[in-house]
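Accompanying notes for the structure given below.
Just so it is clear, none of the values below were taken in a lab; they were calculated from the coordinates. Remember, predicted model here, so these are calculated numbers, not experimental data. Note that we place each Cβ from the backbone using ideal geometry, even for glycine, and neighbour counts take in every protein chain shown.
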Amino acid sequence: MRKIASIALCTLLIAACAPGQEAAQISIIPQPAFLQAEEGEFVLDRNVPVYLDSPDSALLRTAGFLNGHLQKAAGFSLELIQDDPLAHGNEKGIFFLDAGLRTEAYNLDVTPARIVVEYGDGAGAFYAVQTLLQLLPEAVFASGKQAGVRWSLPCCSIEDAPRFPYRGMHLDCCLHFFDIPFLERYIDLMALHKVNRFHWHLTEDQGWRIEIKKYPLLTEKGQWRKETVVGSLYSGVYDGKPHGGYYTQEEIKALVKYAADRYVTIIPEIELPGHALAAISCYPELSCGLEDHYETATKWGIFKQVFCPKEETFKFLEDVFDEVFELFPSELIHIGGDECPKASWKQCPHCQALIRKEGLKDEFELQSWFIQRMERYINSKGRQIIGWDEILQGGLAPNARVMSWLGEEGGIKAAQQHHEVVMAPYPKYYLDYWQGDPDSEPLAMGGPTLLRTMYEYNPVPEVLGPEEQKYIIGVEGCVWTEYMPSPARVEYMAWPRMCAIAESGWSSAPKDWDGFTRRLEAHLARLDRMDVGYCPNFWNPYIEFHKDTEYSKVVTMSVDAPDAEIRYTLDGSSPTAASPVYEGPFAVNRQQRVTAAAFRNGKMIGNIKYKEF
Ligand code: ACM
Ligand code: ZN
């Protein structure tokens, strides 16, 4: 097998082979660093053995994931043999060989006679299996037996390694609670896309979701809010139904193991000093004590009731983190840090005395003091903190990593100060934003942030010099669940846009929107087999009215699906294959209605969309 050490060289080779027709038939997401399609295929049947060159149980489990899919979809699984593959070099089979590759890297060589998988660690072998699954017919992702499928893989040569070590997906389980089976499915989907960090948002103003044995009230009471705002956060209407849910420590341990088996590290987030109302509603002494009564929030937003930086608060937080450390082996621990209003601290005699005693300039420096004190504790237990941009306020804690969500500015500042950064900027990587015309989409937080915008975003800001760019350790897609009350809505909002973020996190191949859409169309067929309820806007026109003039509006239309044309009408009728083809921006007047659909080879491929002036 060809060895190519340099990613830069790989990139050149991709450019050289990408236009080849055979390469186009292979649709892997995220795109491998180097992929060369060859002629021929490897046909899989129950007689093909898998040779594993290590007695390692993790490798056996990884090969078992391939078998798990085959057993369900093809009705057979492959014999797994832990033996020296070289002793079987003449046989047809799949050979896993430790080639000392760097962490998470793998090579695949698929020929008609054998598949050789080279890896260097368990993660690399696991990602090779994810790619093998994507080389098989999409039917391999079905949960029931598929008849009449030829279980073959196209011959090819792949050399692959991640662009960033941190490829994350967040899920807020506080604004709405999601059960463990859904989280397992969420992690499975992450792993399929080579996403390796699950950022689990566990505490909020609207609910506390992690069992802490020392403070049982946190879940007995703090899991609950008495009701939830209906529709927009500003509606003023409430559903009158209690909402709650929490994860027991046993459930958490099992999920951490489930994720680790899939090379996903779970990073728990315990919010401080803000977004703490659920905890304060259980233990009001943790607040500045300015109010008679504290209640878990029933709508979304920012609340002024925050942790007061006093000894009993630090005792509480340290106790909580002690239990968190027992549950989560992750080196990184997310401490939130975002959106902490300073109003209570301004009024609180204790906080004001503390500012004077510590010689702090203001409440922003008090926030920094709070974070630094927590960092010292967390570091003393061998862990590192990561927090949202606002931990930059008043000065960054010495060892902190920054998760940059307020645009790019915080990430840039932190990288310039030589702190590691994960780029999770809103709105570019916020999956709670609309992914189409808000007029025809379910309620969302803002936007729209289209698939293409997410795909084209470069997570390494150009203002950073080469030395500073090294501090960008990865990317994360954020799933805040204000307007996602169900697993189905989470899947709708997250996919397929998360495919684009995953690709930016993994792939060092140059961005190529057209190539991505071709691969994505094949990939969506896989998600269909897994019954992922992704947003189907890929095949729908996106109609945009621009606010250029008062009395007529300029319309532009686009569609993500490749090889598609948009046909439209202006009289309210449904477009057909004979309707005019959209060729460029045009003006519409008041009361006109643009009705459009995408067509390929004379057939409508998605849904009709319309927009009225
Ligand atoms: C955030 O969206 N408040 C991090
Ligand atoms: Zn206070």
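Residue pairs whose Cβ atoms lie under 8 Å apart, separated by 6 or more positions or on different chains, with the first residue in the range 310-335 and surrounded by fewer than 21 Cβ atoms within 10 Å (Cβ to Cβ) and the second acidic (Asp, Glu) and in a helix (DSSP H, G or I), are Glu312/Glu285.
Results for (1) in contact with a strand residue (DSSP E or B) (Cβ under 6 Å, 6 or more places away or on another chain); (2) within 16 Å of ligand 2 (Cβ to nearest atom), shown as yes or no for each residue.
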site: Ala260; (1), (2): no, no
site: Ile267; (1), (2): yes, no
site: Glu271; (1), (2): yes, no
site: Gly274; (1), (2): no, yes
site: Leu277; (1), (2): no, yes
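Counting only residues that are away from ligand 2 (no atom under 14 Å from the Cβ), over 27 Å from Lys226 (Cα atoms) and either aliphatic (A, V, I, L, M) or assigned to a loop (DSSP other than H, G, I, E, B) (or both), the range 295-321 holds 0 of them.
Pairs are defined by a Cβ separation below 7 Å, a sequence spacing of at least 6 or placement on different chains, a first member in the range 345-362 that is part of a loop (DSSP other than H, G, I, E, B), and a second member that is more than 10 Å from ligand 2 (Cβ to nearest atom); the pairs so defined are Glu358/Trp369; Leu360/Trp369. When each of Tyr119, Tyr127 is tested for being surrounded by 21 or more Cβ atoms within 10 Å (Cβ to Cβ), among the hydroxyl-bearing types (Ser, Thr, Tyr), in contact (Cβ under 8 Å) with a residue 12 or more places away in the chain and touching a Lys or Arg at 6+ places or on another chain (Cβ under 8 Å), the lone residue that passes is Tyr127. Of the helices (runs of 4 or more DSSP H) contained entirely in the range 186-293, those carrying at least 3 residues that are out of contact with any Gly (no Cβ under 8 Å at 6 or more places or on another chain) fall at 217-220, 249-261. Scoring Asp338 on the criteria (1) farther than 18 Å from Gly394 by Cβ; (2) surrounded by fewer than 21 Cβ atoms within 10 Å (Cβ to Cβ); (3) within 16 Å of ligand 1 (Cβ to nearest atom) leaves a single failure, condition (1).
Being of a type outside the set (Asp, Glu) and more than 30 Å from Trp405 (Cβ to Cβ) is a property that Tyr119 has. Given the structure, is Ala525 in contact (Cβ under 8 Å) with a residue 24 or more places away in the chain and assigned to a helix (DSSP H, G or I)? When the stated conditions are applied, Ala525 passes them. Return only the number of the condition from (1) over 24 Å from Ile187 (Cα atoms); (2) over 18 Å from the mean Cα position of the chain (by Cα) that Asn458 does not satisfy. Result: Asn458 passes all but (2). Of all the residues in the range 349-394, those that are away from ligand 1 (no atom under 16 Å from the Cβ), under 30 Å from the mean Cα position of the chain (by Cα) and β-branched (Val, Ile, Thr) number 1.
If you go through the range 556-583 and keep only what is surrounded by fewer than 18 Cβ atoms within 10 Å (Cβ to Cβ), within 34 Å of the chain's Cα centre (by Cα) and outside any strand (DSSP E or B), you end up with Pro562, Asp563.
Selection of the range 427-481 for residues being surrounded by fewer than 18 Cβ atoms within 10 Å (Cβ to Cβ) and of a type in the set (Asp, Glu) yields Asp439, Glu441, Glu456, Glu462, Glu467. Beta carbons closer than 8 Å, at least 6 apart along the sequence or on distinct chains, pair a first residue in the range 414-438 that is free of Cβ contacts under 8 Å to residues at least 40 places away in the same chain and at negative phi with a second that is more than 16 Å from ligand 2 (Cβ to nearest atom) and among the β-branched types (Val, Ile, Thr) for Pro427/Thr449; Lys428/Thr449; Lys428/Thr453; Tyr433/Thr449; Trp434/Thr449.
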